[in-house]
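Asker: Just passing along the structure, written as structure tokens.
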Amino acid sequence: MPTHMRCMYSVEELQNVSLSGPFNFTKGCKLLRTHGYNLVGEKEGRVDYQTLLFDLKEDPKQEKPIQNQALQEHFQKEIARHMAENDAPAELYDRMGI
């Protein structure tokens, strides 16, 4: 039975599920695709979060964000590379703006 962190899915949520193709780590098994919800209970979509980078050694309280476009682009490429290596679903790239 599919569950959220602390409760089972409601009947209404289960009425709109579908099977998704397998990932490379699911040994050929299909997965149950459900609609995502963000932390405030709204349906997921692309969220325009602000990109913030910090030097944790020099700024452990994360009070002074680093403003460096080249560094942000480098990390975004690295995130995309790791996502590809780990078979991330296509919709996750869109959701994260990659």
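Asker: Starting from 0.36 nm per residue, how many nanometres of slack lie between SER10 and ARG81 once their C-alpha separation is accounted for? Each step should come with its number before you reach the end.
Answerer: Details: separation 71, 0.36 × 71 = 25.56 nm, distance 3.55 nm.
Using 0.36 nm per residue and subtracting the Cα-Cα distance, I get 22.0 nm.
Asker: Could you work out how far helix 69-85 tilts from the main Cα principal axis of the chain, as a 0 to 90 degree angle to the nearest 10?
Answerer: 30 degrees
Asker: Something else now. Amide H to amide H under 5 Å from LEU53: which residues, 5+ apart in sequence or cross-chain, H placed 1.01 Å off N in plane?
Answerer: ILE66
Asker: Can you give the helix-only mean residue ellipticity at 222 nm for the chain, where every DSSP H stretch with n ≥ 4 adds -39500 (n - 2.57) and the sum goes over all residues, rounded to the nearest 500 deg cm²/dmol?
Answerer: Theoretical 222 nm ellipticity from helices: -8000 deg cm²/dmol.
Asker: For semi-axes √(5λ) of the Cα gyration tensor in Å, which listed value, [x] 32, 19, 12; [y] 48, 10, 8; [z] 23, 14, 11, comes from the coordinates shown?
Answerer: [x]
Asker: So how far apart, in nm, are the two label points at GLU73 and MET96 if each is 7 Å from Cα heading toward Cβ?
Answerer: Result: 1.9 nm between the two label points.
Asker: Something else now. With contacts defined as alpha carbon pairs under 8 Å and 6 or more residues apart, what's the relative contact order of the chain in percent? Before the final figure, lay out each step's value.
Answerer: Working: 68 pairs, mean separation 17.8, N = 98.
RCO, the chain: 18 percent.
Asker: Follow-up question, since we're still on this one. Name the long-range amide H neighbours of ARG33: under 5 Å, sequence gap of 5 or more, or other chain; modelled H, no Pro or chain starts.
Answerer: Amide H to amide H, under 5 Å and 5 or more residues apart or across chains, ARG33 pairs with SER18, LEU19, SER20.
Asker: Would you mind working out the magnitude of the charge dipole of the chain relative to its Cα centre, with +1 at each Lys and Arg C-beta and -1 at each Asp and Glu C-beta, to the nearest 20 Debye? Don't skip to the answer; put the middle values down first.
Answerer: Values: 12 positive and 15 negative charges, 65 e Å.
It comes to approximately 320 debye.
Asker: Right, another one. If exposed means no more than 14 neighbouring beta carbons inside 10 Å and the site is in a DSSP loop, what's the longest run of the chain without any exposed trypsin sites (Lys or Arg not before Pro)? Each step should come with its number before you reach the end.
Answerer: Details: sites that count: ARG6, LYS27, LYS30, ARG46, LYS57, LYS61.
Result for the longest clean stretch: 62-98.
FYI, it's all coordinate maths here, none of it is from the lab. Here the structure is a predicted model, which is why all the values come from computation and not from measurement. FYI the Cβ positions are ideal-geometry reconstructions off the backbone, even for glycines, and counts take in every protein chain you see.
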